[in-house]
Amino acid sequence: MATALDPIELPNWAWERAEVRQALRARDIGAVFRHAQQYAGASQARIATATGMTQARVNEIINGRREVSRLDVYERIADGLHMPDDARHLLGLAASRERLSGGAAFDLAAFPEVVRVYAAQRSAAEEIQQQAREASELDVLAVRGLGLIGLNDSLLRACLPREQGGKGLQVRIALLDPDSDALGRRAAEIGESAESLASGVRLAEARLRELAGTCNISVWKYRMLPTWRLIRTDSTMFVGAFDAGWEGHESATYKVMETPHGPLFRGFRRMFEAIIDGAERTV
């Protein structure tokens, strides 16, 4: 008979079930705990011990009376339930501390470019805005870009010069071509009509055209299916992922800084330049 001290191990196939993956994407920890009860036979006491909580707290989460929002708590839950890396990514976390060849433990210290992981863009919003206000270069790779820079209350709009002769900020925005086949595929992935998504892109493009007199801005339309969502402010990037069922701002956001020998910053910047090279400039 299992005790509260026994580790919790869900079978590998359980982490691949659609309802489990959806709970992870939605960060619905109550549902995740219920799946742990269902597929691992874990009691509330075992879940509490494994995740460093009280049983009363676990009960509140399972019954929807309390939510989890702190990244360190997500980490404790992922560790306590022995989540595989794919499940951790769906929850918005970096890969677990696995053993690499030679016995060295993997953690973010082994990859000094990745200096912070945010559960979603909203958690990084204040830092992104601060970086943008101080930057001389701003690159954005998005789908429609309304929430990032297209609307008055969007994340980056207020960080840009508002008057003629403002600071010498160079801005490059890459948006998904509203007439491309990729836009239809992306719309289907997020359950939106192609017409609605295309209208959003065109609105963002029109609003960005209004900024042409206040800063050095260029807008490009690319035609490939989007994979990465990127904001670069000089030597810092904030990177998220596009996937079926969620938009880029819902993804975990990785803060990546340029280092002399790290491949990630250079790789993402090379990708952005390649997309621009193959895109059509419209502003």
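The values are calculated or read from the model by the stated rules, or taken from the named source; none is laboratory data. Predicted, not measured: the structure shown is a model, and the values here were computed from it. Cβ: placed from backbone, ideal geometry, glycine included. Neighbour counts: every protein chain shown. Surface areas here come from the heavy atoms of the whole protein model, side chains and all, with no ligands, DNA or RNA. Shrake-Rupley method; radii C 1.70, N 1.55, O 1.52, S 1.80 Å.
Which percent of the accessible area of the chain is formed by carbon and sulfur heavy atoms (probe 1.4 angstrom)? All intermediate terms of the calculation are to be shown ahead of the outcome.
Details: 6750 of 14010 Å².
Whole-percent figure for carbon plus sulfur exposure: 48.
So with the 1.4 Å probe, I'd like the accessible area per residue for the stretch 162-283, rounded to whole Å². If you can, show how the numbers build up before the last one.
Values: 5840 Å² over 122 residues.
Per-residue value: 48 Å².
Find how much the distance from ALA244 to ARG122 grows on full extension, using 0.36 nm per residue of separation minus their present alpha carbon separation; answer in nm with one decimal. Numbers along the way, then the final one.
Details: separation 122, 0.36 × 122 = 43.92 nm, distance 1.98 nm.
Answer, rounded to one decimal: 41.9 nm.
For semi-axes √(5λ) of the Cα gyration tensor in Å, several values are listed as [x] 29, 24, 18; [y] 58, 33, 17; [z] 39, 21, 17; flag the one computed from this structure.
For semi-axes √(5λ) of the Cα gyration tensor in Å, the calculated option is [z].
Tell me, what is the 1.4 Å probe accessible area of TYR39, in Å² to the nearest 10?
Spelled out: TYR39, probe radius 1.4 Å, area about 40 Å².
With every protein chain present, what accessible area does ASP179 have (1.4 Å probe, heavy atoms only), rounded to the nearest 10 Å²?
For ASP179, the solvent-accessible surface is approximately 100 Å².
Using a Förster distance of 25 angstrom, determine the FRET efficiency expected from the C-beta separation of MET257 and GLU137, and round it to 0.05. Working shown, then result.
Working: r = 15 Å, r/R0 = 0.58.
That pair, MET257 with GLU137, gives E of 0.95.
What FRET efficiency would be calculated for the residue pair ILE190, VAL115, taking the C-beta separation as r and a Förster radius of 45 Å, to the nearest 0.05?
Working: r = 29 Å, r/R0 = 0.65.
The computed FRET efficiency comes out at 0.95.
Taking H as built 1.01 Å from N, whose amide H comes closer than 5 Å to the amide H of TRP220, not counting residues under 5 places away?
HN-HN under 5 Å from TRP220: ILE173, ALA174, LEU175, THR282.
Could you work out the relative contact order of the chain? I mean the mean sequence separation of Cα pairs under 8 Å and 6+ apart, divided by the number of residues, in percent. All intermediate terms of the calculation are to be shown ahead of the outcome.
Working: 480 pairs, mean separation 47.5, N = 283.
Computed value for the chain: 17 percent relative contact order.
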